[in-house]
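Input: a single structure, listed below in structure tokens.
Derivation of every value follows stated rules applied to the coordinates shown; laboratory data play no part. All values derive from a computational prediction rather than experimental measurement. In this analysis, Cβ positions are derived from the backbone assuming ideal geometry, glycine residues included, and neighbour counts consider all displayed protein chains.
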Amino acid sequence: MLDDFEMVAGVEVHTELWTKTKIFCGCTTEFGGEQNTHVCPVCLGLPGVLPVLNRQVVEYAIKTGLALNSEIAEFSKFDRKNYYYPDLPKNFQTSQYDLPICIGGHVEIEVDGVKKKVGITRAHMEEDAGKLVHSGATISTSDTSFVDYNRTGVPLLEIVSEPDLRSIDETVAYLEKLVQILEYIEVSDCKMEQGSVRFDINVSLRPIGSDKLGTRTETKNLNSFSSVRRCLEYEIERQAEVLREGGKVSQETRTWDEAKGITLSLRSKEEAHDYRYFPEPDLVPMLIDREWVERVRQTLPELPDARRLRLMGLGLSDYDAGVIINSKALAEFFDAALAQFNDAKTLVNWVTGDFLGTLKAKGLPVQLSPVNPEGLAELLNLVAKGTINGKIAKSVLEEMFATGKGAAQIVQDKGLVQISDEGAIAAIVTQVIEANPQSVADFKAGKERAIGFLVGQVMKASKGKANPGLVNKLLQEQLAQL
């Protein structure tokens, strides 16, 4: 996209942690609800109240840090980040500044076959702000805004990357991988449409070959990968145009207008000193012992990269393994089915083909599939045993989705058991050969495609029940005798 400039980007990812209650009070974190009903004096910042830290928030932060290869600080504290905005009832946000809980780390991505480690600067705990409900389509086109404080105090983990991203594809790949990890370790529900994960994109341009960073802008609160892509496409072209005309890019905070596909200026970009950070006097510092960290480490599941390598060790291609691990729900479905049907290559073909295709056609996620892992394994075991053939198995799978019945029951109820009796198939083959002299002549004349027609006729005559392997074998034998 750019011939004269190089893009440099870093991302701040805010993820709501999957706790039942807020970070400093007992209010529910449940999404939705009537405006300003999931609140109490603590999260509203009323005079005289004191916060109490939710232990689960700290544990989830530790778990995330371990999954991101971060160092877990032994000593950490909360700070007050002071700024005024209508959705912040206390006029400060309880966050972490100089002593965050997670330090350093990295996420490995792959773009166009090239692997790269994207550095993590830090990850820190903080409370979420409320939500502004605008009268117009965006904040820039609204005459009035209302404030819903239900989200105030919901626990957040802010994960800050190094400015290591050099393309839009790298940025999206990093975010996809990060969200995938959060989903796997179950610290967030990752429902981006509900604001559970939000992205702040910092991007600047510099001349090709330069090692000096340009002036960056920050576009806040993007909540989809497609929005990130479109936002970066617009913003880097906007900055490039400014620089080509001899202007200077302003360091500022911008907002993304989804409908117009443009970024708009909100305010000049704040620096750390603008927030007047100071230690939170109502919360004691945290001493995180190593035994706690190790206990949390033991709860980590198999992460995406490790799962990919294990599946490839079972004979799956890198592509197929990538499709399976892309969703934790699909990966767990696959493993559960594999425990009942021990042929990974055959299983992945069915899962990525007919199974996912049917789910997509019905608009269903894996979690709501009428066919469970054991049901799919039962179907494939029937094929492996020769009870039914692959073609019939596809129709049985459709029936399983439609009725919720088991494969064996459907096969029995509909009389779909495969014909594997050589005498019965040989009789059908003889009839087909006698009824199709032209195709037989074509085959004898060297037209190999003719046998395909004859196989089809045998399968049709047997109502799809004939064993395809035996059909081919017996056809070849009888044709050779003519």
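With everything on Cα atoms, drop me the angle between helix 168-185 and the longest principal axis of the chain, reported from 0 to 90° to the nearest 10. The angle comes out near 80 degrees. In a reduced charge model with +1 at each Lys and Arg Cβ and -1 at each Asp and Glu Cβ, the stretch 422-480 shows a dipole moment near 200 debye about its Cα centre.
Here the Karplus relation 6.51 cos²θ - 1.76 cosθ + 1.60, evaluated at θ = phi - 60°, turns the backbone of the stretch 307-314 into coupling constants of 5, 4, 5, 5, 5, 5, x, 8 Hz, with x for every Gly and Pro. Note on ASN36/GLN56: beta-carbon distance plugged into 1/(1 + (r/R0)^6) with R0 of 35 Å gives a FRET efficiency of 0.90. Within the stretch 36-54, name every residue whose backbone N is under 15 Å away from a label modeled 7 Å from Cα of THR28 along the Cβ vector. Only 36-40 fall inside the zone, counting backbone N under 15 Å. Between amide H atoms placed 1.01 Å from N, distances below 5 Å from GLU252 occur with GLU218, LYS269, all of them 5 or more places distant or on a separate chain. Between the alpha-carbon centres of the stretch 305-357 and the stretch 237-266 there is a gap of 43 Å. Between GLU241 and GLU271, the contour length at 0.36 nm per residue exceeds the alpha carbon distance by 8.2 nm. Taking the alpha carbon gyration tensor of the chain, multiplying each eigenvalue by 5 and rooting it gives semi-axes of 57, 27, 21 Å, largest first. In plain terms, the chain from THR403 to PHE453 could stretch by 14.6 nm, reckoned as 0.36 nm per residue minus the Cα-Cα distance.
Here the translational diffusion coefficient of the stretch 376-482 follows from Stokes-Einstein with Rh set to the Kirkwood radius across Cα pairs; for 20 °C and 1.002 mPa s it amounts to 146 µm²/s. For trypsin sites (Lys or Arg not before Pro), the sites in the stretch 14-63 that DSSP calls loop and that have at most 13 other Cβ atoms within 10 Å are LYS20.
Filter the chymotrypsin sites (Phe, Trp or Tyr not before Pro) in the stretch 76-136 down to the DSSP loop ones having no more than 15 other Cβ atoms within 10 Å, then list what survives. Passing sites in the stretch 76-136 are TYR83, TYR84. Assuming charge only on the beta carbon of Lys and Arg (+1) and of Asp and Glu (-1), the dipole of the stretch 370-414 about its Cα centre is about 160 debye to the nearest 20. Under the simplified labelling scheme, the GLN476-PHE75 pair shows an inter-label distance of 7.8 nm, with each label point 7 Å from Cα along Cα→Cβ. For the stretch 10-19, backbone phi angles converted through the Karplus equation (6.51, -1.76, 1.60; θ = phi - 60°) give residue-by-residue couplings of x, 10, 9, 10, 9, 10, 6, 7, 8, 9 Hz, Gly and Pro being listed as x. Residues of the stretch 358-402 with backbone nitrogen within less than 20 Å of a virtual label 7 Å along the Cα-to-Cβ line of ALA339, please, listed as ranges. So the set is 366-382. Placing +1 on the Cβ of every Lys and Arg and -1 on the Cβ of every Asp and Glu, with no other charges, gives the chain a dipole of roughly 1080 debye about its Cα centre.
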